[in-house]
Amino acid sequence: MTAFTELELAALHSMFSEQPELASYLERQLSVATVAKRENTGVGFFTTVSVPPAADPVGRSEPLRGETHARIPGLEHGLGFVLFLNDGRIETLEGFTYGSESTASLDLTSVTFEIVRVPVNRAS
């Protein structure tokens, strides 16, 4: 099993803080989680997470989306993030580019970044 990168951890902590009612459960899951698989897709990445079955699940299984983004040198529009849950447990973190920007030449395990919040436009 592999440790999380600084980018993954920063994105996850920021995403958790956007969900105050779930944050403590998600933080506890993360504290015992490991990386099972990591893939740079060329237009972002997928990090598959392994959370022990004994970890308390959250009362939600829908993906977490929000305002957390990362500014990264070489990507004009940065990365957005989605966190997928399975039976209330962290399963996959997806980082995605906007448009046709490529992550193929980036080492996402050691890339320089800044986590920012970009307000989401929601239809009323």
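The slack between Glu6 and Thr48, meaning 0.36 nm per residue of separation minus the straight C-alpha distance, is 13.6 nm.
As I understand it, the value is the acute angle between the Cα axis of helix 6-17 and the longest principal axis of the Cα atoms of the chain; what does it come to in degrees, rounded to 10? Approximately 60 degrees, to the nearest ten. If a/c stays under 1.5 just call it rounded; otherwise compare a/b with b/c (prolate if a/b is bigger, oblate if not). Do that for the chain, with a ≥ b ≥ c from the square roots of the Cα gyration tensor eigenvalues. Here the chain falls in the oblate category. Residues Leu106, Leu83, ranked from the fewest to the most other C-beta atoms within 10 Å, line up as Leu106, Leu83. For region 48-112, the mean projected area of the C-alpha convex hull, equal to one quarter of the hull surface, is 5.4 nm².
Within the listed set Gly59, Gly78, Gly44, the Gaussian network model of the chain (springs between alpha-carbon atoms below 10 Å) gives the highest mean-square fluctuation for Gly59. Working note: 222 nm ellipticity from helices only, DSSP H runs with n ≥ 4, each -39,500 (n - 2.57), summed and divided by the residues of the chain, gives -5500 deg cm²/dmol to the nearest 500.
Relative to the longest principal axis of the Cα atoms of the chain, the long axis of helix 23-32 makes an angle of roughly 90 degrees. Given their separation in residues at 0.36 nm each and the Cα-Cα distance between them, Ser105 and Thr41 gain 22.0 nm when the chain is fully extended.
How high is the relative contact order of region 1-119, in percent, counting Cα pairs under 8 Å that sit 6 or more residues apart? Walk me through the intermediate numbers first.
Details: 241 pairs, mean separation 34.6, N = 119.
Relative contact order comes out at 29 percent.
No value in this document is a laboratory result; all are computed from the given coordinates. It should be emphasised that the depicted structure is a prediction, and the values quoted were computed from it without experimental measurement. Methodologically, a virtual Cβ is constructed for each residue, glycine included, from the backbone with ideal geometry; neighbour enumeration extends over all protein chains shown.
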